[in-house]
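Notes follow once the structure below has been shown.
Rule-based calculations on the coordinates, nothing more; no lab input. Everything numeric in this text was worked out from a predicted model, so none of it was measured. Using ideal geometry, Cβ is built from the backbone for each residue, glycine included, and neighbour counts are taken over all protein chains shown.
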Amino acid sequence: MKNSYNNPNKEKHTGREKPLIFFLTIVTVSVSLNIGISLYIIPKISLEFGNTIAEWGLIIQSIFIISLYLFFGKVGDIIGLSAMCRYGSCLLAAGYYSFFLCNDSTGYLIASLLTGIGTAMFSSVSSGQIRNYITPSHIPFGFSLLFIGFGAGFIFGPFLVEMIEILFSWHIYYLILTPLPLLLVILYPRFIDCRPNRISLKMIDVPCAILLMFTLFFIYSALIQILKQHLTPSEILFLILGFFSFIVLVFYEKKAKMPFLDLNLIKRPDIITLILVLMIMVLMYRSYLFYFQLYFEEIVNVSSHMSSVFLLIQGISFLPLAIIIGYFGRNWEKERFIKVCILGCVIGILGVLIHGLFYIQYPMVALVIFGAYNVCIRISSYTLYFLSVSPEESGIAGGMIETGVAFVNPIVITVTGFFFHLGFQVYSPGPICWQKIGEGFSYGNLGLSIFYIFCIIIQIILLIWLKKSSHRLLHKEYSAFQQKL
């Protein structure tokens, strides 16, 4: 099969693709090693700083990541993606080192803030750089390496932090992460032009960016508390403020001379479809990782050290499949990537059945299968997504897809608890524990399994629709071509 990619926008490729992918992957490893333990390390943080600080550290980091992705993606398109990537890596290093130094709750929250902003700056433009600076036929391979780095955090993160804590403390974990983004900050300019473009603030719709951040902040803060079944007047007020801010944002954008958001990009059905598919996948995959840890530590009564070792087995399917898809994907047409996504959904259903509906049967085998489900959908979806956007909009497009993915992470605990056992209490008055988890276990397992299957069915429907719409688009393009002849 011939390579179907083309490059209509005639991007200027640097010819230095290997160093670019290497440095992006290194920083992505550090980001994933942070996000991958964000849920796992909460009990350790709560014992040191208290449950409220542990919870708000995660919430602050997540809210800043979510609310700033679109902003930094848009600014990256203006000043240059590589410049934004370097700034983000610098802040990430500062955030990791602040985690290492923090000895009180204030220091921990400041470190969470720095890490959240740095993650938003880096991750909003990292995929766009692969889109713009790598030849189109090698884009799948670029994403496969990037997500091998991203998957490393979820595979090895819990194991590393447990091993480090045996000898030292969790603070040392972040000291080890600090040099990774610094490598990009120091060496990246030798291979990529990181000089920012000269711009004026008039080129950026600052009021709209602020409105967008406030909208996401109000809605997301309220959503987290509502999913924990804590609907109070403050959450209702936040929802009202978020809705009001959203209405003002929409009207402002329609009248703006230089709108901050690309409404045409948002309205494109293929873009929104791929974002939804990825959001569902991330919710399911991370939910199962959390549920896996919960089962072994609270039902089987194994130590957290052993559960971290068990989480390593997801790499059995994740790593080799990522390499295979990246290598052979160089010669695939776009439709083949949709088929790989659908295959991933079928694998996901198999994982749910092997895991067991009423009672857990083979959780470790299911973990391997969910690793395959993750990699099939993630690499294929990102490839399809960024092949559908132009280089000029790859920053804001990257911000959109990363916003959707990041939106899922902090609600994993509450969503999993809601479908498992009508919401188990994660943040208890004492050290974090899972209250009454043994009661009604079979019912809870059934509820969560049905939720997983329902999510996968929605993904399959979205992908089939995407496949049919791509057929119609190709038919239109062919008809237009025939008419010109």
(request) State, to one decimal in nm², a quarter of the convex hull surface area for the C-alpha atoms of the stretch 307-361, i.e. the direction-averaged projected area. (result) 4.8 nm²
(request) Using packing as a proxy for protection, rank 110-116, 233-239, 314-320 so that the peptide with the highest average count of other Cβ atoms within 10 Å comes first. (result) 110-116, 314-320, 233-239
(message) Please compare each pair in LYS18/LYS339; LYS267/LYS334; LYS18/LYS74; LYS267/LYS339; LYS18/LYS44 to a cut-off of 31 Å on the Cα-Cα distance and tell me which ones are over it.
(response) LYS18/LYS44
(request) Arrange ARG190, ARG198, ARG131 by Cβ neighbour counts within 10 Å, fewest through most, would you? (result) ARG198, ARG190, ARG131
